[in-house]
Amino acid sequence: MTTAVPAGQDLTDVLGRLPKVELHVHLEGSVRPGTLLRIARRHGLDLGRLDEAAVVELFRFRDFRHFTELYEQCCGALRDPADLELITEELADEAHRQNVRHLEVTFSPGTHRRGAGIPFDEQLDAVARGAEQARRRTGVTMRFVVDHVRGGPPEECQQVAEWAVAGAGRGVVALGLGGFEPRRPASLFGEAVRWAAARGVPFVPHAGEAVGPEGVWDCLPFRPPRIGHGIRSVEDPRLVAALRDRAVVLEVCPTSNLRTGVVSEPGAHPLRRLWDAGVRLTLNTDDPSMFHTDLLAEHRFAVEWHGFTVAELAAMTLIGVDAALLPATEREALRERVTTELAELGVTAAGLPA
Ligand SMILES: [Zn+2]
């Protein structure tokens, strides 16, 4: 039993109706199994010979190695801009179903450039088209983080930084850094990161996931407004204080952390400890199709395992609104909308870090 919602109200129903934002979700990790199958068949790929049940089974998370193989298969099946447009629209539709009002979506242009040979301009046009169609239909707004995958060729990071700068004003709001973290600290890519920052594109890296606090410390000189995951910061009280004092927002993805084994069991997740220490947090899905999650499930996790109240979840949503990389007027409009909707639901945000 939970005391998160007033007596007589159903938790799933209340959480479902809350307005939400999501700042950490990968386009390639959000492809629905059925969509992947249709795309693979259209392109005559081996994957297309499977039936839907087999593809669903393929999406069942086994271990990190299987996850990276599946990720590569998903990326490899996306052969042309129409595929990117389709999955962008579907991601927004799913967000709309969960009352998500704004999404910042990461995609990896280097992977699609190397794999299917799709020029960045065509990739960006495709996702922007998908986003615009979805916005007109659902009202969900979307922006993009283009990320360099750490395992890729190091010189590619400069290329991705150039794409990010070229895409600013066309929906790209940040340069990301993803992939396997060990032995690939952010500082290795510092030149490209600084190059983009000097041209107004902020850095939003993944860090403190597979690597401990040192991975997050390594990012701080680049002044990231947000860090993907960052949960292992909890191991270093000085780092926790630094994140709090600098108001760096952590994009926390609990189900992802459990599936990849970064966190051993639900009760051990540092979500509550970081929150109580005053770190600004948001809840996210990371790769919803591959981790069998959605934003509603992440909210349920926070309530059921770490005793978060609806008021605290609303505070997290407002942190997400304030951390959205939107022009000030759009961010204000989003805040107005979310605040109004929360008020209509009778929810007052509480527990917001000072
Ligand atoms: Zn991620």
Step through the residues of the stretch 46-52 one at a time and calculate ³J(HN,Hα) from phi using the Karplus curve (6.51 cos²θ - 1.76 cosθ + 1.60, θ = phi - 60°), rounding each to whole Hz and writing x for Gly and Pro. 3, 3, x, 7, 6, 9, 4
Neighbouring Cβ atoms within 10 Å as the yardstick, rank 118, 319 fewest first. 118, 319
List the residue ranges in the chain for DSSP H helices whose C-alpha atoms run 15 angstrom or more along the long axis and whose Kyte-Doolittle average is 1.0 or above. 310-323
Given axes a ≥ b ≥ c from the Cα gyration tensor, I'd like to know whether the chain is rounded (a/c under 1.5), prolate (a/b larger than b/c) or oblate. rounded
Taking amide H positions as placed 1.01 Å from N in the peptide plane, with prolines and chain starts having none, which residues 5 or more places from residue 181, or on another chain, fall under 5 Å of its amide H? 210
Peptides 181-191, 72-82, 57-67 ordered by average Cβ neighbours within 10 Å, highest first: 72-82, 181-191, 57-67
Given H placed 1.01 Å from N in the peptide plane, which residues other than close sequence neighbours of residue 227 have an amide H under 5 Å from its amide H? 249, 250, 251
Go through the stretch 5-19 residue by residue and turn each phi into a ³J(HN,Hα) via Karplus (6.51, -1.76, 1.60, θ = phi - 60°); whole Hz please, and just put x for glycine and proline. 10, x, 3, x, 9, 8, 4, 4, 5, 5, 5, x, 7, 4, x
For a quick protection proxy, order the peptides 262-273, 169-180, 94-105 by their average other-Cβ count within 10 Å, most packed first. 94-105, 169-180, 262-273
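Report Rg/Rh for the stretch 1-145, rounded to two decimals, where Rg is the Cα radius of gyration and Rh the Kirkwood radius.
My calculation of the ratio gives 1.03.
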Taking 0.36 nm per residue of separation and subtracting the Cα-Cα distance, what length does fully extending residue 17 through residue 188 add? 57.3 nm
Quote the relative contact order of the stretch 232-307 in percent (integer), defining contacts as alpha-carbon pairs under 8 Å separated by 6+ residues. 35 percent
Subtract the Cα-Cα distance of residue 331 and residue 343 from 0.36 nm times their separation in residues, and report this length gain in nm to one decimal. 2.5 nm
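Below 8 Å, C-alpha to C-alpha, sequence gap of six or more: please give me the relative contact order for the stretch 1-126 in percent.
On the way: 119 pairs, mean separation 44.8, N = 126.
Relative contact order of the stretch 1-126: 36 percent.
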Per-residue Cβ neighbour rank within 10 angstrom, fewest leading, 310, 146: 310, 146
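By how many nm would the segment from residue 245 to residue 304 lengthen if fully extended, with 0.36 nm per residue of separation less the alpha-carbon distance?
18.4 nm
Just so you know, all these numbers are worked out from the coordinates, no wet-lab data involved. Given the structure is predicted, the values throughout are model-derived calculations rather than measurements. Using ideal geometry, Cβ is built from the backbone for each residue, glycine included, and neighbour counts are taken over all protein chains shown.
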